[in-house]
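Read the figures in this text as sums done on the coordinates, not as results from a lab. These numbers come from a predicted model, not from an experiment. Cβ sites come from the backbone with ideal geometry, for glycine too, and all protein chains shown count toward neighbours.
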């Protein structure tokens, strides 16, 4: 009940409006009751964000990865942008929330985040050899970061009016895959060219 109530508050009003008092009021309980179930507000937020990650994972679970990198990445991007566009406040909460210094997310939460990254890895896997696990994971993470940027700009209304997030995602994927196919050597921090 507490997580469901918190989810509704975040979905409607955003993470900044969330408080234990507001959650308890929506449930019809006292705020003290929440602390018998959760360590603190951060703990509740982790559960809310986990639901959001699970929702996106379910949305992407039946993508046909056998269709090849382009088709599977295009479909993942389409579903990602659609899901985040329908749930802007919940998706923003996943990235706005930070645990207090010195505290790390529990393993169960990290595993939910990892599922989404695994989708990207599966999509680009045909472009890598069986001994290139680290490179495959790195490239999937880079592409994920780019799609997140497009999605975030879209959900906050900060994309140029002339741009459509779906088309931007397709352009990013097309050009990124072209670059992956042309790669002749891995990029390392020491050997990377300076930007700017």
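The angle between the Cα long axis of helix 165-182 and the longest principal axis of the Cα atoms of the chain comes to about 40 degrees, rounded to the nearest 10.
Does anyone have the angle between helix 2-13 and the longest principal axis of the chain? Alpha-carbon axes, 0 to 90°, nearest 10? The two axes meet at around 70 degrees. For the stretch 18-62, what class follows from the C-alpha gyration tensor (a ≥ b ≥ c being the square roots of its eigenvalues): rounded when a/c is under 1.5, otherwise prolate if a/b is larger than b/c, else oblate? Here the stretch 18-62 falls in the prolate category. This structure gives volume of the Cα convex hull per residue in Å³, computed directly, and of (i) 158; (ii) 105; (iii) 250 that value is listed as (i). Highest-first packing order for the peptide set 36-48, 139-151 is 139-151, 36-48, based on the mean count of other beta carbon atoms within 10 Å.
Working from label points 7 Å from Cα in the Cα-to-Cβ sense, the residue 137 to residue 167 distance is 3.8 nm.
Relative to the longest principal axis of the Cα atoms of the chain, helix 41-60 runs at roughly 40 degrees. Distance from the C-alpha centroid of the stretch 1-35 to that of the stretch 69-98: 24 Å, rounded to the whole angstrom. Could you tell me whether the stretch 72-182 comes out rounded, prolate or oblate from its Cα gyration tensor? Rule is a ≥ b ≥ c as square roots of the eigenvalues, rounded for a/c under 1.5, then prolate if a/b exceeds b/c, otherwise oblate. It comes out oblate by the Cα gyration axes.
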